[in-house]
Each structure stands twice: as C-alpha cells, then as structure tokens.
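What follows is a short report on a single structure.
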C-alpha cells in the first residue's frame, strides 16, 4: 500500500532514514516487507524528541528548552534593556521557541 500510494502521489519514503517508533513497551515485533529499523530510544523529528514515555518526552524537550532559556536570561540580564525591550525579546525569541514545542 505504501509503494502504491507513492506511485500515485509522487511522494516516496527514504527507507534509509525511516524508523519505526513503538508507542508502547509491549509492541510485538513483526517482520516487515519494508526495510525499516525499530527505534530503541527517542527519535528526533523536526527538532523535537519523540518517545513513547510522556515523562521522558517532557524532560527531553522542555528540559533542554529551559536550560537554553536560563543561559539566554543570564546574557540578557547584563544588557541595558528597558522593560519594553525585555518584553520584545520575550515575544520574539522566547515565546516562539516554547510554542513550537507544544
């Protein structure tokens, strides 16, 4: 079905980069007719770490973002910015980064 869909739509799968991410820990492995590899840990997709455990998902994505934010706030706190400037930084730099993770 996947190959047939690709023939009609013109969209193909890059088999060498594709992986299967199990959504539960008790997923039965099946022999596939496609050369896909099972992901053993988190998979990175468009800059976001995906995994089946919600706690690990939050820690992997938000933990790194919070660390990044702490480093940036340290740098920005030394700059002579007005309240308006600090709000502008939050709106243009910080908010989009966290909205992307939602």
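Restricting the stretch 60-98 to residues that are touching a strand residue (DSSP E or B) at 6+ places or on another chain (Cβ under 9 Å) and without any contact (Cβ under 8 Å) to a residue 40 or more places away in the chain leaves a set whose member that is farthest from residue 21 (Cα to Cα) is 64. Inclusion of residue 24 among residues that are surrounded by fewer than 12 Cβ atoms within 10 Å (Cβ to Cβ) and either modelled with pLDDT of 80 or more or in a helix (DSSP H, G or I) (or both) is not warranted.
Selection of the stretch 82-102 for residues being at pLDDT 90 or above and in a loop (DSSP other than H, G, I, E, B) yields only 82. Summed over the stretch 49-75, residues that are in a helix (DSSP H, G or I) and more than 15 Å from residue 97 (Cα to Cα) total 7.
Which of the numbered conditions does residue 52 fail, given that it passes all the others? Conditions: (1) at pLDDT 80 or above; (2) surrounded by 11 or more Cβ atoms within 10 Å (Cβ to Cβ). Result: residue 52 fails condition (1) only. Cβ-Cβ below 8 Å, separation at least six or inter-chain, first residue in the stretch 1-20 and surrounded by 10 or more Cβ atoms within 10 Å (Cβ to Cβ), second part of a helix (DSSP H, G or I): which pairs? Note: pairs meeting the criteria are 12/6; 13/2; 13/6.
The values are calculated or read from the model by the stated rules, or taken from the named source; none is laboratory data. Just so you know, these numbers come straight off a predicted model, no measurement behind them. Virtual Cβ from ideal backbone geometry, glycine too; neighbours counted across all protein chains shown.
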